[in-house]
1. To the nearest 10 degrees, how steep is helix 166-177 against the longest Cα principal axis of the chain, on a 0 to 90 scale?
2. On full extension of the chain, what length is gained from S70 through L117, given 0.36 nm per residue of separation minus the C-alpha to C-alpha distance?
3. Can you sort I220, I338, I249 by how many other beta carbons sit within 10 Å, fewest first?
4. Want the number for E331 to Y157: 0.36 nm per residue separation, take away the alpha-carbon distance, what's left?
5. Take the alpha carbon atoms of region 213-279, find their radius of gyration, then divide it by 2.2 N^0.38 Å using N residues; give the quotient.
6. Cross-link list K143/K182; K63/K136; K372/K419; K136/K372: which exceed 23 angstrom alpha carbon to alpha carbon?
7. Run through the DSSP bridge list for the chain and note the antiparallel percent, rounded to the nearest 5.
8. Could you check how many percent of all C-alpha pairs in the chain are farther apart than 44 Å?
Amino acid sequence: MSNINLDTDPERNPENPEAKHAPELAKPDDVSHLSFAEIAAQGHGATKLDPDAPAVLSVDDLKMYFPVKSSGVVRRTIGHVQAVDGISFEVPQGGSLGLVGESGCGKSTTGRLITRLYEPTGGAMYFGEDRTDLAKLSNRAMKPLRRDVQMIFQDPYTSLNPRHTVGAIVGAPLSVHNVVPKNKIKDRVKELLEVVGLNPEHYNRYPNEFSGGQRQRIGIARALTLNPKLLVADEPVSALDVSIQAQVINLLQELQAEMGIAFLFIAHDLAIVRHFCPEVAVMYLGKIVEIADRETIYGSAHHPYTQALLSAVPDVKQAAVGGRRERIRLEGDVPSPINPPSGCRFRTRCHLAQDICAKVEPPLLQIGPRHKVACHFAGELGDAPRTPVTSGLLGVDGQGSPDPSVTPEELATGPGYEKRWFDVKSRQMVSA
Ligand SMILES: Nc1ncnc2c1ncn2[C@@H]1O[C@H](COP(=O)(O)OP(=O)(O)O)[C@@H](O)[C@H]1O
Ligand code: SF4
Ligand SMILES: [Mg+2]
């Protein structure tokens, strides 16, 4: 193995002789006064939460089970990877929802389902004003909608074809969808390169002539080509150096504000989505375990998993336990989604787990105006209730065994929020 640093970003690796050939990064503030203004003019800035914005995407009980095959000549299905198992959420028009969780929780699969790179096992994905269900469309019927839903991939090194020029990569969606006359494609691509802060004259260069940050900008330009309504950004900065991450995030934020694009922003930690997303969903082993607006997630998370993820984020206010800020260590790895733990999937790593957690799956329960959590012992950090908050709702006793004297409640399980919710302190339904 060679130990030569091949990084061609001159900012990160001035020693690299190739660095001087790397195309220059235009300054991020070049974005605001470009001829892309006609698109910008149609959009609206929406980095804040607009509780009245209609959903551009409404995902209801979405599932993706990948078959596991036996080895041998006759390959039988012997199980399923439950990568995504019944998740529901909404992305508001022009808004952005963060989707976070450790590696293997099903975030990328969710992104790939929404962009229909995979066909879901079950559930619905209602898109746009006429609420077309993307899950039910054939590949052919999906084609016009592919323009509206685009994806930015995690790895800018593998997501761009090394044999195609930047011009061909960014221009390809224009030819495929036949939206711009052939002789106009080049101008349009140059304009897009400029929008994402790249030198339009580098149209004929190949991906390997660019640094990681620049390649990610190429990926962003490609995703913007067809003026999408929704962008799925799958860990768009995880592969980049920290100093470059901020630039790319700023670029995405500007594009969102100017073009009114909605984002599903996938990340493995809560630090990055904090600035970008006014609403955050936390995923664990194929399920959403908590979803809320930014203030609630960062100030008053009620799920032990969210609390553990937050304890790794610097500067987040944590409940003082015995006068000190608790660092919750997450032991071990995410278990296999082929045979996930019974009841609550987080129980094998949860310091609060009790008998009920193995027996009964906690529902994703709305506990505030814009807050849902899936935990029998939902509570502020350091203030978890001693008895399950859910037993009265689910018709079980404190250990999770059926309790015939308790009638289960009908709980709303769909995307979005209801006007009534369950207050975990008083253990009663309350309304706005
Ligand atoms: N095409 C596939 N076939 C089988 N299993 C898959 C496939 N894609 C993902 N998985 C499995 O699904 C689970 C979720 O993966 P993924 O969505 O990539 O998680 P994340 O993006 O949160 O890291 C993992 O256990 C992964 O191994
Ligand atoms: S339901 Fe039980 S195991 Fe699951 S997060 Fe809550 S306390 Fe932990
Ligand atoms: Mg992933």
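The numbers here are math on the coordinates, done by the rules we state, and not lab data. A quick note: this is a predicted structure, and the numbers were derived from the prediction, not measured. When we count neighbours, we look across all protein chains shown, and the Cβ atoms used for this are built from the backbone with ideal geometry, even at glycine.
1. 70 degrees
2. Details: separation 47, 0.36 × 47 = 16.92 nm, distance 2.45 nm.
My answer for the length gained is 14.5 nm.
3. Working: I220 26, I338 14, I249 19.
Lowest count first: I338, I249, I220.
4. Numbers: separation 174, 0.36 × 174 = 62.64 nm, distance 3.15 nm.
Here the answer is 59.5 nm.
5. Values: Rg = 11.2 Å, N = 67, 2.2 N^0.38 = 10.9 Å.
Scaled against compact globular proteins, the figure is 1.03.
6. Values: K143/K182 20 Å; K63/K136 13 Å; K372/K419 13 Å; K136/K372 27 Å.
Distance filter (> 23 Å) returns K136/K372.
7. Details: 38 of 56 bridges.
Percentage antiparallel, nearest 5: 70.
8. Values: 14684 of 93096 pairs.
Counting every Cα pair in the chain, those more than 44 Å apart make up 16 percent.
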